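The structure under discussion appears below in the form of structure tokens.
The values are calculated or read from the model by the stated rules, or taken from the named source; none is laboratory data. The structure presented is a predicted model; accordingly, all values stated were derived computationally and were not measured. Methodologically, a virtual Cβ is constructed for each residue, glycine included, from the backbone with ideal geometry; neighbour enumeration extends over all protein chains shown. Heads up: the accessible areas ignore ligands, DNA and RNA and are worked out on the full protein's heavy atoms, side chains in. Shrake-Rupley method; radii C 1.70, N 1.55, O 1.52, S 1.80 Å.
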Amino acid sequence: MAKPKVLVTRRVPSEGIDILKDSCDVDIWDSDDVMPRATLLERIKGVNGIFCTIKDEIDVEALDAAGPNLKIVGTMSVGTDHIKVTECEKRQIYVATTPDVASDSAAELTVALLLITTRRIAEGLAAIKAGEAGPWKPMWLLGNNSMGKTLGIFGFGRVGFGIARRMKPFGVSKILYTDIFDCNYAEGVATRVPFDELLKESDILCICCAVTQQTKGLFDEKVFKKMKKSAVLINTSRGAVINQKHLYDALKNNDIKAAGLDVTDPEPLPVEDPLMKLNNCVILPHLGTNTWEARRAMSINTAKNIVASLVQ
Amino acid sequence: MGIQRKVYVTRRVPEPGIQILKAAGCELTFWDSDEAISKDELIKGINGVDALFCMLTDCIDDEVLEAAGPNLKVVSTMSVGYEHIDLKACEKRNIRVCNTPNVSTDSVAELTVALLLLTSRRLLEGVQAVKDGEWGKWKPMWLCGMELAQKTVGILGLGRIGYGVARRLKPFGVQKILYHDVCKVAYADDVGACFAEFDTLLTECDVICICCNLTPQTKHKFNKAAFEKMKSHAILVNSGRGGVIQHDHLLEALTSGEIAAAGLDVTDPEPLPKDHPLVKQHNCIVLPHMGSNTWDSRNHMSETAADNILSIFDGKTAVGLVQ
């Protein structure tokens, strides 16, 4: 009986590839760079499974090119906005993701970005590199403690919960969340509030939701006007949740105090983008799960998802 | 004629402390600048005062105390560290020394954890890549760092700040917290931290945070011999005082891969010039001493330094009495 055919669209941690090779015929695009579109459409023909990343568009064209043997799309991510999920459902193709194994890394990164932004650490780093830091001064480059502040979380899933847990010993006085349903694991950690209240009350607001019809462009000028002028906005979910032009204006006009972004639209963000020039906007290159531990686990999990689907 | 209350303030400082001194009828003179005062100016300004309100950048040695004259009763520093003050010289002249403990603890513990994460997650390299236009499309194995979950963290100096760091690290899922100090402390149990010998800290830990002050015991404690004992993937974080690390040996350890990375909020000297090898080293993150860089902390530090002065004037016990 022929082994199932799997296309791997990128060089990934080898632990996942080893698992696949045990029971499948594996075709790998063995590069750190994204597989060119034409090559993807060619090599996807007739496969039973795809192991992809967020930079591969698995749309109708790709699914058509793959043909009827395709049973599973395993993405090495939690987000699925690069996959036409409804089309996969129609064709009975299973879409597998890697929740849980990456949550700790993502929550940890969000807390790191939060602290860098509230404590103006990026400006400190830049001052040292530019030789502009002098001997200690009492009133230079002052930021804000998290102690006594209200933390708001938009989307109280695994990552949102992980952020709340980690921020408690920093002495935040209140943790609020907005989500589409009550989360029972929030008990003793965070209180559910409507969106407008989250905006009005939060000193630090973390966006931790998926990008959907409901959330795309949700954070716009109307929302920024409802937030505190002293508020810090953190986004480690997907760039498209924020209207970036409106964010730029809000930061320039002090409608909110600062923003920390690990995700943007597009990614990468071009160096000439206006947001890059703002001192009160910290931008990271989508590092959310950038630990060897998480990436290995994501690779292993994706491979296991695919093998479980294809090998009886 | 009332009690003399002449106070010399060696910098522009947050208002709250100044208001407290003025309200108590003190006569204030200032080095009215955001920049550090020179020794010559300090010697001039301190002459004849009853109290000195100083910064950690001011070297309060025998020469300065001599220039003050016989009225000087207290040296009150707007900092926790006091290694810039010659304690023996003050004792000789019956001058009290005060600092500002507690009020900046939370800020410094928070900054220490931020610096730890900055280093373990390689965020300086990330920020730089964005600025330099080197951020490409998402890659599975680009710029990967270390996750804190399941790691062993070591703390040198489990005082107020060390304890605050341990508390904050717990929900990150660290597996073990070890600490080394001059003695065991009961409150270590509250954060599940276990006492360890210094060598054990070096050999067992994935991350080590220096949260101790600078004393003859701790000076250059992190030297070549120490780095040799550490794990090659280990990260060292220093928010105590720069002098605890022998900087040349640190550079050697970072370039040779003896340890993985270092995050420094304090250095020797401070600040490091932009062409210093540690500033240019890709796996070394240097911050400009931001430990207590919040308005909350600095306002409280200013108040406490002022309160310390008034306590000494009034014959009361100062909150921050060092000696």
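Miscellaneous remarks
- Unique residue being closer than 30 Å to B:Asp32 by Cβ and of a type outside the set (D, E, K, R) when the list is B:Thr119, B:Thr100: B:Thr100
- Qualifying residue in the stretch B:160-171 (condition: more than 8 Å from chain A (Cβ to nearest Cβ), touching a Phe, Trp or Tyr at 6+ places or on another chain (Cβ under 8 Å), farther than 21 Å from B:Glu270 by Cβ and open to solvent by 40 Å² or more (accessible area, probe 1.4 Å)): yes
- Qualifying residues in the stretch B:196-213 (those that are open to solvent by 50 Å² or more (accessible area, probe 1.4 Å) and part of a loop (DSSP other than H, G, I, E, B)) - the one modelled with the lowest pLDDT: B:Asn213
- Among residues of the stretch B:25-67 being touching a His at 6+ places or on another chain (Cβ under 9 Å) and within 14 Å of another protein chain (Cβ to nearest Cβ), the one that is nearest to A:Met139 (Cα to Cα) is B:Met55.
- A:Gly46 vs. criteria in contact with a strand residue (DSSP E or B) (Cβ under 8 Å, 6 or more places away or on another chain), surrounded by fewer than 19 Cβ atoms within 10 Å (Cβ to Cβ), assigned to a loop (DSSP other than H, G, I, E, B) and not basic (Lys, Arg): yes
- The numbered conditions (1) surrounded by fewer than 23 Cβ atoms within 10 Å (Cβ to Cβ); (2) assigned to a loop (DSSP other than H, G, I, E, B) are all true for B:Asp248 except (2).
- A:Asp265 being of a type in the set (Asp, Glu), assigned by TED's automatic domain parsing to the domain that holds A:Ile180, surrounded by fewer than 21 Cβ atoms within 10 Å (Cβ to Cβ) and assigned to a helix (DSSP H, G or I): no
- Scanning the stretch A:49-76 for residues that are polar (S, T, N, Q), surrounded by fewer than 23 Cβ atoms within 10 Å (Cβ to Cβ) and within 14 Å of chain B (Cβ to nearest Cβ) turns up just one, A:Thr53.
- Hits in the stretch A:268-288 - residues which are open to solvent by less than 20 Å² (accessible area, probe 1.4 Å) and assigned to a loop (DSSP other than H, G, I, E, B): A:Leu269, A:Leu284, A:Pro285, A:Leu287, A:Gly288
- When the stretch A:95-137 is filtered for residues that are facing chain B (nearest Cβ under 9 Å) and open to solvent by 40 Å² or more (accessible area, probe 1.4 Å), the ones remaining, listed by number, are A:Asp104, A:Arg120, A:Ala126, A:Lys129, A:Ala130, A:Gly131, A:Glu132, A:Pro135.
- Qualifying positions in the stretch B:283-323 - within 12 Å of chain A (Cβ to nearest Cβ) and part of a loop (DSSP other than H, G, I, E, B): B:Leu287, B:Pro288, B:His289, B:Met290, B:Gly291, B:Ser292, B:Asn293
- Residue match in the stretch A:128-140 (condition: in a helix (DSSP H, G or I) and farther than 26 Å from A:Met276 by Cα): no
- For the stretch B:179-192, a tally of residues being open to solvent by less than 10 Å² (accessible area, probe 1.4 Å) and either of a type in the set (A, V, I, L, M) or not in a strand (DSSP E or B) (or both) returns 2.
- Candidates B:Trp135, B:Trp142, filtered to the one that is free of Cβ contacts under 8 Å to residues at least 12 places away in the same chain and surrounded by 22 or more Cβ atoms within 10 Å (Cβ to Cβ): B:Trp135
- The residue list B:Leu87, B:Leu115, B:Leu28 contains one member that is among the aliphatic types (A, V, I, L, M) and not assigned by TED's automatic domain parsing to the domain that holds B:Met301, which is B:Leu115.
- Residue check for B:Ala226: of a type outside the set (S, T, N, Q) and within 28 Å of B:Tyr82 (Cβ to Cβ): yes
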